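Everything below concerns the one structure shown next.
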Amino acid sequence: MAGHWWHPLDGMQELSFKPIAGGYLYRAPSPWLFGPARHYVVGEEQKAALALHHRAMLRLAFWLIVMMGGLAVPLAALFLPSQNLAYIGASMLVGLAIGLSINAWLFHKVKPIIAELTPSVERITQHDMFGTQASTFSRRYVLGFAVLSFVMLALSAARPIFDPAARDLIAVLGIALFGLATIYWCALYVAQRWRKTA
């Protein structure tokens, strides 16, 4: 269960595990962030050790996102006030650099544990991960982020509605991103309600 409703990455380490007969299926990080992941069979102790590293990586990612958001937005407003493509491109490059760095750190931390694990042909699917989120996250957590996503969607949509000059790529991307996030969190909430009544 996610312990901190305000922390969007809290509990996400559980997405790397799936209960199976005799333990858990573990989805190891890919060394290059993108690409096929290898899966292994782990026991309770191995899961705890791996989850510890995943939690540390997620906390690091959370605070890096907060820090970069706090620094990048004012800097971009100063240096790229009317350069939407440059702003988006710079944001993507910074995000990619952060993602590669923390993924490399996680891979380095779990590599000694992975070396002793038994590979598996089974896979953790997107459907499995959605089910894990529905059972791991509290209903308040999911509902809180559904509301937050909807508020951000409304703010993103209000800007181009009330100011035709603000109909730009940033507005379109904001509407698309927060629209999809709202749909996802709402679908997760419905899945949780359906599980409770089933």
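Among the residues making up the stretch 141-170, those that are at pLDDT below 90 and hydroxyl-bearing (S, T, Y) are Y141, S156. Scanning the stretch 141-151 for any residue that is of a type in the set (S, T, N, Q), outside any helix (DSSP H, G or I) and under 20 Å from the mean Cα position of the chain (by Cα) turns up nothing. Within the stretch 148-167, if we keep just the residues that are surrounded by 14 or more Cβ atoms within 10 Å (Cβ to Cβ) and of a type outside the set (G, A, S), the residue that is nearest to M12 (Cα to Cα) turns out to be L148. Within the stretch 11-32, the residues that satisfy the criterion of being over 17 Å from the mean Cα position of the chain (by Cα) and not aromatic (F, W, Y) are K18, P19, I20, A21, G22, G23, L25, P31.
Residue pairs whose Cβ atoms lie under 9 Å apart, separated by 6 or more positions or on different chains, with the first residue in the stretch 56-72 and closer than 15 Å to A97 by Cα and the second basic (K, R) and surrounded by 11 or more Cβ atoms within 10 Å (Cβ to Cβ), are M57/K109. F145 meets the conditions (1) in contact with a helix residue (DSSP H, G or I) (Cβ under 7 Å, 6 or more places away or on another chain); (2) surrounded by fewer than 17 Cβ atoms within 10 Å (Cβ to Cβ); (3) in contact (Cβ under 8 Å) with a residue 40 or more places away in the chain in every case but one. The failed one is (2). All conditions in (1) exposed (fewer than 13 other Cβ atoms within 10 Å of the Cβ); (2) in contact (Cβ under 8 Å) with a residue 60 or more places away in the chain; (3) under 25 Å from A86 (Cα atoms) hold for L173, with the sole exception of (1).
Of everything in the stretch 176-196, what is hydroxyl-bearing (S, T, Y) and buried (at least 17 other Cβ atoms within 10 Å of the Cβ)? Give them in sequence order. Correct list: T182, Y189.
The values are calculated or read from the model by the stated rules, or taken from the named source; none is laboratory data. What you are looking at is a predicted structure, and each value in this text was computed from that prediction instead of being measured. Quick reminder, even Gly has a Cβ in these numbers, built from the backbone with ideal geometry, and neighbours come from all protein chains shown.
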